[in-house]
Every structure is written in C-alpha cells, then in structure tokens.
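The values are calculated or read from the model by the stated rules, or taken from the named source; none is laboratory data. Bear in mind that the values here come from a model prediction, so they are computed numbers and not experimental data. Note: ideal-geometry Cβ built from the backbone for every residue, glycine included; neighbour counts use all protein chains shown.
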Amino acid sequence: MSAVYPWGHEGRYNDFTRAFRRRFEGRVQKVSVDGGFTCPNRDGTLACSGCAYCNNESFNPDYCREQPSIAAQLREGIQFFSRKYPSMGFLAYFQAYSNTYAPLDILRERYEEALAQPGIVGLVLGTRPDCVTEEALDYLAELAREHTVMIEYGVESVKDQTLRRIRRGHSYADSVRAIEKTAQRGITVGAHLMLGLPGETYEDWIAQAQAVSALPLDHLKLHQLQIVRDTTLADEYLADPSRFHLFSPEEYLETVVDYLERLNPQIVVERFTSEAPADLLLAPDWGKLRNYQFAMKVEKRLRERDTYQGRLYAEQDIVLHL
C-alpha cells in the first residue's frame, strides 16, 4: 500500500513545484527584477564590501543589469517565458540586494509599478531580516489581501559565530523576529540557508534543520557553499584552499537527506543547490549538475534509504497509510 504524506503526493519531500501548482490555477513563473535597492552591508550603514560570499552578478539575470525601469525588465522577462507558455502568470521576483531596504514611499512606488504590469499576479521579495520595518510589513499585508506576496529572508546560518564570520551584520535572533512578525501578518515567508559555511560541521547542519523547523516558515531554500569570484571568501580561498571544506555532490546529497529527515514536513523545499555562472565560480566544480537534476537525485536517495522529509521530526507522526 502506498504512503501518502501531508503534502498530498507520494514524493518523499514537500517540493516547491507541486506546492506552487496547487496554489495557483495554471502555470506561474518568477521573473527576476532589479528594483534598484541596495544593502546595509554595501551602503556604509554596516559595511561597504558586502557579505563575505556575495557577488550579485552570480544570480542576477542579464536583462536586470541593463534595463532602467522595473516595467521594462518585467516585459523582457515575461516575453522570454511566454514563448513557451502563452497563458502563464508571473510573479515579480525582486532578487538583487535587500528589497525592503528603503522608505515606505519608495517601496510602494516600485512594488506597485511591478504589480501594474500585465500578467503579474504577485511579488516575491528577497531581503535581509534586519531590513524590514513594521510599517513595511503592514503595507505588504494589505497587498497580500489581493495579490500573492512572498518574502524570502536571507538567514544563511543559525549560528551567530558563523554570521559574524561571513560578515552578515545581523544575528539569528533578528531572523527569528522577522520571520515571526511576517507570519503573524499572514504573509507567505521563506528562508534561505547555506550548508558548508566556514567553521560549520555536520552536527551544526543537523541542528540547523531542527532550529528552522520550529519557525513559522512556509518555504525553504538550501544552497551548498560556492566560492564565487570577486568576494572576500574567494580571496581567502585562493590564499589557502585548505581552510575550506567544499562538498562533493555525493557528500552533499547524503547531508541533504539527513537534513530533510529532521525538517518540519509542513515546510516546502524550493531549492537544494546554487548554480553560479561558470565564469564566476571558483569552486567546487560540479560540472553541469542543475538544481532539478539534483532534486531528482534527492528523491531517488530518499527512496533508496526508505525515508522522507520529517521522518525524524519529533512533533508529529506525519505518514498516513491508505
């Protein structure tokens, strides 16, 4: 007899693709947009050189770097995706830097410019947990009554020692507060975390899974550490590679499966890997392994180990048998 999990299908983890399709009628695609925001780690408020690992060019599409307006970026992104799926809906994904880091009148102007574009059904906002105000959250809660609104916080680690090491400029307590305040307003909330940060161990990553499971998170992105050019970590790596432990795909796969076993089964997992452009990536070299291919490996390994997301999550018995 088949096992049915709380996420409503026989897959061994609560995957984002199927969760997204359940939420929307038809296909919905994120379209990246650079809203012209900055970051307290770059504008001098906390620092000027950014987080130790950060090079925004590693994830910001080319069309976001060239176009002067949000509307123009969205039109180009929508045109690209509409060729394959003409009836698709779109979410404006404010991805680069900290997209709640501005006075409310500026946030309102830029978000509403995006929402006014044909085909846009909502917003996804990547930001830092120390860059969101009560006033901004109240406004986003109003928007969420009529549009999809998702906030993705860069948490990165649950260890303050690590956060200081990578020069994040905020604490894990800041992340907890931001996530809780966002969830209390009924706004969909996600977190971005990295596995393999300098100084962390396997035991730290398992503890991380247990810690984030206690938060009111809807979505989670996991990424392996990548050393990207023109960052502080790149300088440190080039000076002494032995200071870094970088995952092989096989080791990372086993770590992810162990992580999922302890993760709250209600949390939707959006990604497992990062895919920096080859010309920016120093290490590790995983060839052409894409996120969707790694996700297939995760599903296969979960079946091989006869396990699933939340199997060791202590709060509830999550598997029902038909």
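Just the residues that are over 15 Å from THR148 (Cβ atoms), surrounded by fewer than 23 Cβ atoms within 10 Å (Cβ to Cβ) and hydrophobic (A, V, I, L, M, F, W, C), please, taken from region 70-94.
Selection gives ALA71, ALA72, ILE78, PHE80, PHE81.
Which of the residues that make up region 172-201 are out of contact with any strand residue (DSSP E or B) (no Cβ under 9 Å at 6 or more places or on another chain) and closer than 20 Å to TYR93 by Cα?
Listed by number, the list holds a single entry, GLY186.
Can you tell me which of VAL228, VAL268 is in contact (Cβ under 8 Å) with a residue 60 or more places away in the chain, under 20 Å from the mean Cα position of the chain (by Cα) and more than 20 Å from GLN309 (Cβ to Cβ)?
Numbers: VAL268 fails: more than 20 Å from GLN309 (Cβ to Cβ).
After ruling out the rest, the residue left standing is VAL228.
Go over the candidates PRO265, PRO277 one by one and state the one that is within 18 Å of TRP7 (Cα to Cα) and either in a loop (DSSP other than H, G, I, E, B) or not β-branched (Val, Ile, Thr) (or both).
On the way: PRO277 fails: within 18 Å of TRP7 (Cα to Cα).
Result: PRO265 is the single residue among PRO265, PRO277 that is within 18 Å of TRP7 (Cα to Cα) and either in a loop (DSSP other than H, G, I, E, B) or not β-branched (Val, Ile, Thr) (or both).
Pick from region 24-69 the residues that are of a type in the set (D, E, K, R) and modelled with pLDDT under 75: which of them is surrounded by the fewest Cβ atoms within 10 Å (Cβ to Cβ)? Working first, answer last.
If we filter region 24-69 for residues that are of a type in the set (D, E, K, R), which is where we start, we get 25, 27, 30, 34, 42-43, 57, 62, 65-66.
With the extra rule that they be modelled with pLDDT under 75, the set shrinks to 57, 62, 65-66.
Details: GLU57: 15, ASP62: 9, ARG65: 12, GLU66: 11.
It comes out as ASP62.
Got at least one residue in region 103-113 being of a type in the set (D, E, K, R), without any contact (Cβ under 8 Å) to a residue 12 or more places away in the chain and in contact with a helix residue (DSSP H, G or I) (Cβ under 9 Å, 6 or more places away or on another chain)? I'd like the intermediate steps shown before the answer.
First, the residues of region 103-113 that are of a type in the set (D, E, K, R): 105, 108-110, 112-113.
Checking the rest, the ones that are also without any contact (Cβ under 8 Å) to a residue 12 or more places away in the chain come to 105, 109, 112.
Among the residues that remain, those that are also in contact with a helix residue (DSSP H, G or I) (Cβ under 9 Å, 6 or more places away or on another chain) are: 112.
Yes, that holds for at least one residue.
In region 101-160, what count of residues is obtained for those that are small (Gly, Ala, Ser) and not in a loop (DSSP other than H, G, I, E, B)? Break it down stepwise before answering.
Residues of region 101-160 that are small (Gly, Ala, Ser), as a first pass: 102, 114, 116, 119, 122, 126, 136, 141, 144, 154, 157.
Next, from what is left, pick out any that are not in a loop (DSSP other than H, G, I, E, B): 114, 122, 126, 136, 141, 154.
Counting residues in region 101-160 that are small (Gly, Ala, Ser) and not in a loop (DSSP other than H, G, I, E, B) gives 6.
Of all the residues that make up region 13-59, how many are under 17 Å from GLN95 (Cα atoms), in a loop (DSSP other than H, G, I, E, B) and in contact with a helix residue (DSSP H, G or I) (Cβ under 6 Å, 6 or more places away or on another chain)?
3
Conditions tested, residue by residue: (1) at pLDDT 95 or above; (2) among the charged types (D, E, K, R); (3) crowded, with 21+ Cβ neighbours inside 10 Å; (4) over 18 Å from the mean Cα position of the chain (by Cα).
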site	(1), (2), (3), (4)
THR182	yes, no, yes, no
GLY196	yes, no, no, no
HIS219	yes, no, yes, no
PHE244	no, no, no, yes
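Being of a type in the set (S, T, N, Q), at pLDDT 95 or above and under 16 Å from the mean Cα position of the chain (by Cα): is that true of SER175 here? Steps first, please.
Numbers: of a type in the set (S, T, N, Q): yes; at pLDDT 95 or above: yes; under 16 Å from the mean Cα position of the chain (by Cα): yes.
Considered against the rule, which asks whether it is of a type in the set (S, T, N, Q), at pLDDT 95 or above and under 16 Å from the mean Cα position of the chain (by Cα), SER175 comes out as yes.
Report yes if some residue within region 276-288 is closer than 25 Å to VAL124 by Cα, at pLDDT 95 or above and either hydroxyl-bearing (Ser, Thr, Tyr) or in contact with a helix residue (DSSP H, G or I) (Cβ under 8 Å, 6 or more places away or on another chain) (or both); otherwise report no. Outline the logic, then answer.
Our first condition is that a residue be closer than 25 Å to VAL124 by Cα; within region 276-288, this holds for 276-277.
Narrowing further to those that are at pLDDT 95 or above: none.
Checked region 276-288: no residue is closer than 25 Å to VAL124 by Cα, at pLDDT 95 or above and either hydroxyl-bearing (Ser, Thr, Tyr) or in contact with a helix residue (DSSP H, G or I) (Cβ under 8 Å, 6 or more places away or on another chain) (or both).
Tell me yes or no: at least one residue of region 290-311 is touching a helix residue (DSSP H, G or I) at 6+ places or on another chain (Cβ under 8 Å), in contact (Cβ under 8 Å) with a residue 24 or more places away in the chain and under 26 Å from ARG165 (Cα atoms).
Residues of region 290-311 that are touching a helix residue (DSSP H, G or I) at 6+ places or on another chain (Cβ under 8 Å), as a first pass: 294, 297-298, 301-302, 305, 307-311.
Retained after the next criterion (residues that are in contact (Cβ under 8 Å) with a residue 24 or more places away in the chain): 294, 297-298, 301-302, 305, 307-311.
Then drop every residue that is not under 26 Å from ARG165 (Cα atoms), which leaves none.
Within region 290-311 (the criterion being touching a helix residue (DSSP H, G or I) at 6+ places or on another chain (Cβ under 8 Å), in contact (Cβ under 8 Å) with a residue 24 or more places away in the chain and under 26 Å from ARG165 (Cα atoms)), the answer is no, since none of the residues qualifies.
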